[in-house]
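Participant: This is the structure I have questions about; it appears just below.
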Amino acid sequence: MARVTITEIARRSGVSKGAVSYALNGQPGVSASTRARVLKVAEELNWVPNSAARMLSGARTDTIGLVLARAAVREPSVLEFVAGLEDVLAKRSQTLLLRLASGAEEEAAGYRKWASERRVDAVIVVEVLVDDPRVALLESLDLPALVAGDPGLSGGLAAVGVDDPAGVDALVGHLVERGHRTVGWVCGPAHLGRVHVRELAFAAADGVAVRQIATDLSGEAVDSATRELLDSPERPTAIVYDGGIAGVAGLSALGRLGLAVPDDVAVVVWGDSAVCAVTDPPLTAVGCDVWAYGAAVGEAALGLAGGRRGAAVMGAVPTLRLRGSS
């Protein structure tokens, strides 16, 4: 990728090269409007400072970047994933640079900053979306990137995924065996890649009708979705919740409605964690060894940072862990 020069930024901005230099370096000498225009053009062109450009031809940083949504860290499985990832990196004397972001714009700004300052050798993208705009952004930044998610949604990027369709098969097989034919599913937003992949797998499953309600998985939203499912004409006899925290909220909602688990309604959680084993009753869960998955992602990221061509592979297969809730 050809490096963008100050001359090009000046031409696009309609100002002198001197004005561009002042604006990019935060020096006085240009108006606020000119500075804003120059910075906007520089961002659009993915401008890289000269010092960073020189680094691109030489030394590595021995650092892997990871951006997490602030809300994600409340899930124990996310912390377990990070622990597995960091363990692999530490054993190779590599550093994990972790950044928390409040939204998509903040995450994109972080990638641009890392690319311009040559802060990381590669980045790991989590919670991949359907038609994820981060794929095109990272390719345009020429920043090596690995998707921790379904390879079918990674675009041209390398990926280490989880075989969610296998998890759906195990879950549905268990519920059908127990006599359930109508199942509710309280999931995350529909644009999430994992929700999309599981939705397709549920649609292809035999023996059950699945009613899906997408939410932000907050306690209030889970409570509302649970009530909506149980008030529907085709009332489900089992409910699947995405995440241990949502499963706990679901148990609370069912208790407030005077329903016993599993006698009145069976409950299964997608994403096992220590939380699932200490509820009353303990929560049946579909999950994988998240620590090992994080380690597999770390190994792949190190290979990508070292110049090896990334591949799209399945790094984990979920299994069903039977407990009292079903």
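Please treat every number below as a calculation from the coordinates, not as lab data. None of the values given here were measured: they were computed from a predicted structure. Ideal geometry is used to build each Cβ from the backbone, glycine not excepted, and the neighbour counts take in all protein chains shown.
Participant: Rank the residues 182, 284, 226 as a footprinting-exposure proxy: fewest other Cβ atoms within 10 Å of their Cβ go first.
Facilitator: Values: 182 16, 284 25, 226 29.
The fewest-first ordering by Cβ neighbours comes to 182, 284, 226.
Participant: What is the stretch 164-287's relative contact order, in percent, from Cα pairs under 8 angstrom and six or more apart in sequence? Provide the component values of the computation, followed by the final result.
Facilitator: Values: 202 pairs, mean separation 29.8, N = 124.
Relative CO of the stretch 164-287 lands at 24 percent.
Participant: Something else: Using alpha carbon centroids, what distance separates the stretch 277-307 and the stretch 205-247, in Å?
Facilitator: The stretch 277-307 and the stretch 205-247 have Cα centres spaced 25 Å from each other.
Participant: Next question, about the same structure. Mind giving me the nanometre distance, one decimal, between the label points for residue 44 and residue 311, set 7 Å out from Cα along Cα→Cβ?
Facilitator: In this crude spin-label approximation the distance works out to 4.2 nm.
Participant: Determine, for 137, 24, 283, the number of other Cβ atoms within 10 Å of each Cβ, and report the residues in order from fewest to most.
Facilitator: Details: 137 19, 24 16, 283 27.
Going from least to most buried by this count: 24, 137, 283.
Participant: Show me 193-199, 311-317 ranked by packing, highest mean number of other Cβ atoms within 10 Å first. Intermediate values should be presented prior to the final figure.
Facilitator: Details: 193-199: 21.4, 311-317: 15.7.
Descending mean neighbour count gives 193-199, 311-317.
Participant: If each residue's Cβ is checked for other Cβ atoms within 10 Å, how do 4, 78, 267, 186 rank with the fewest at the top? Each step should come with its number before you reach the end.
Facilitator: On the way: 4 17, 78 21, 267 25, 186 29.
With the sparsest Cβ surroundings first, the list reads 4, 78, 267, 186.
Participant: Here's something else I'd like to know. How much FRET efficiency would the formula 1/(1 + (r/R0)^6) give for residue 102 and residue 142, where r is the Cβ-Cβ distance and R0 is 22 Å, rounded to 0.05? Don't skip to the answer; put the middle values down first.
Facilitator: On the way: r = 26 Å, r/R0 = 1.19.
In this case the efficiency is close to 0.25.
Participant: Show which lysines lie in cross-link reach of residue 17 when reach means a straight Cα distance below 28 angstrom and same-chain residues fewer than eight apart are skipped.
Facilitator: Result set, ordered by chain and number: 40, 113.
Participant: Show me, bin by bin at 5 Å from 0, the whole-percent P(r) of the stretch 6-47 based on Cα pairs.
Facilitator: The calculated distribution, bin by bin, is 5, 32, 40, 20, 3.
Participant: Would you mind listing how long the stretch 54-184 runs along its three principal axes, going by Cα atoms, in whole Å with the largest first?
Facilitator: If we take the Cα atoms of the stretch 54-184, the spans are 65, 32, 25 Å.
Participant: Once fully extended, how much extra length lies between residue 177 and residue 256, figured as 0.36 nm per residue of separation less the alpha-carbon to alpha-carbon distance? Can you show the working numbers first?
Facilitator: Working: separation 79, 0.36 × 79 = 28.44 nm, distance 2.80 nm.
Here the answer is 25.6 nm.
Participant: What percent of all Cα-Cα pairs in the stretch 164-287 falls in each 5 Å bin, counting up from 0?
Facilitator: In whole percents, the pair-distance histogram is 2, 12, 24, 27, 23, 10, 2.
Participant: Can you return the aspartates and glutamates within cross-link range of residue 91? Criterion is Cα-Cα under 20 Å, with same-chain partners fewer than 8 residues away left out.
Facilitator: Once the sequence-local aspartates and glutamates are set aside, what remains near residue 91 is 62, 80, 121, 289, 299.
Participant: Can you tell me what percent of all Cα-Cα pairs in the chain are more than 26 Å apart? Let's see the in-between values first.
Facilitator: Details: 28327 of 52975 pairs.
Value for the chain (Cα pairs over 26 Å): 53 percent.
Participant: What is the sum of charges, Lys and Arg at +1 and Asp and Glu at -1, for the other residues whose Cβ falls under 15 Å from the Cβ of residue 25? Could you put the intermediate results ahead of the total?
Facilitator: Values: positive: 17, 35; negative: 117.
Spelling it out: positives minus negatives among the neighbours equals +1.
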